[in-house]
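Have a look at the structure below before the remarks.
Please treat every number below as a calculation from the coordinates, not as lab data. Keep in mind it's a predicted model, so treat the numbers as computed, not measured. Reconstructed Cβ throughout: ideal geometry from the backbone, glycine too, with neighbour counts over all protein chains shown.
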Amino acid sequence: MILQIETATTSCSVAIAKAGKVIAYREINMRNVHAEVITLYIDEILKQGNYNYNDIDAIAVSSGPGSYTGLRIGVSTAKGLCFALDKPLISVDTLASMASGLASTKTIESNTLLCPMIDARRMEVYTAIYDQSGNQIKPIAAEIITPESFADILRENKISFFGDGSEKCRELLDTHPNAIFIEGFTNSARHLTQIVQNKFEKGLFEDVAYFEPYYLKDFIAGKKAIS
């Protein structure tokens with residue numbers, strides 16, 4: 001039984017998966033609430049199934065890229081539980097979990113590639129490209145989107161763009177006949193399940209003491225508003 005945590009974007013989501021199937025979850029898509037609700041949500045889903053913390057076999061966390069603050073909260077919570085319960089830690093690339101989640105929940109035309117996008121301010125996104133089996137076609141990067149972005153791949157392949165960074169890119173890329181935009185996708189701890197189960201079965205665990213989120217870019221503090 002694995003506790004799964006997703007806080008890389010505006011979504012704060014926790015789930016419990018047993019033998020590779022989600023049995024309980026709780027989530028909210030709202031900014032700046034992660035620290036307030038994450039432990040409450042974990043307590044709720046454990047009580048929902050009449051479980052306690054000692055029933056957990058491992059803890060998994062979405063490791064980035066994404067929101068600096070969100071990732072810190074999710075990873076700190078996961079590591080704290082691992083230390084307290086003496087349980088292993090599993091990390092999952094956030095973009096890979098998004099691709100896995102879309103492939104498992106939406107009907108996608110065969111041979112269409114998947115391009116998850118996380119908003120990274122202005123016209124920049126964190127992104128990568130995967131096939132529907134989870135193989136990475138284009139590596140994770142912070143990209144400033146222009147009308148020429150992905151042109152080489154779009155010439156030969158249909159690409160489904162999705163995630164909270166995709167909508168702002170739509171006007172630039174939507175004119176290409178092979179560009180498909182999927183609305184309404186929200187990051188969820190449920191999307192980690194397939195990758196987490198595979199890693200658990202193979203014993204692919206992180207060193208809890210030294211593990212850090214994958215920020216991709218250095219944190220840049222915003223200016224305080226002048227009242």
Expressed as a whole number of Å, what is the distance separating the alpha-carbon centroids of the stretch 167-218 and the stretch 1-41?
-> 15 Å
Nearest-20 debye value, the stretch 1-121 charge dipole, Cβ charges on Lys, Arg, Asp, Glu | 80 debye
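Take every DSSP beta bridge whose two residues both sit in the chain, then give the antiparallel share in percent to the nearest 5.
Taking every DSSP beta bridge with both residues in the chain, the antiparallel ones total about 60 percent.
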Cβ-based charge dipole, the stretch 126-195, positive-most Cα from G134, T146, G165 | G134
Helices from the chain with mean Kyte-Doolittle at least 0.0 and a Cα length along the axis of 24 Å or more, per DSSP H: which?
-> 68-85
Interchain or long-range residues, amide H under 5 Å from G64's placed H = T94, Y214
Above-threshold pairs, the threshold being 25 Å between Cα atoms, out of K79/K106; K87/K202; K47/K79; K106/K202 = K79/K106; K106/K202
Nearest-20 debye value, the chain charge dipole, Cβ charges on Lys, Arg, Asp, Glu = 300 debye
Within the set D43, D93, D131, GNM on the chain using Cα springs under 10 Å gives the largest fluctuation to D43
Please work out how much length the chain gains when fully extended from K106 to E167, using 0.36 nm per residue of separation minus the C-alpha to C-alpha distance, in nm with one decimal.
-> 20.2 nm
Can you give the % of DSSP beta bridges in the stretch 1-108 that are antiparallel, to the nearest 5?
-> 60 percent
Is the stretch 5-50 rounded, prolate or oblate when judged by the Cα gyration tensor, a ≥ b ≥ c being the square roots of its eigenvalues, rounded requiring a/c under 1.5 and prolate requiring a/b larger than b/c?
-> oblate
Candidates for percent of Cα pairs over 31 Å apart are (i) 21; (ii) 30; (iii) 34, and the calculated one carries label (i)
Roughly what % of DSSP beta bridges within the stretch 58-158 run antiparallel, to the nearest 5?
-> 70 percent
Area projected by the alpha carbon convex hull of the stretch 144-188, averaged over all directions, nm² = 3.3 nm²
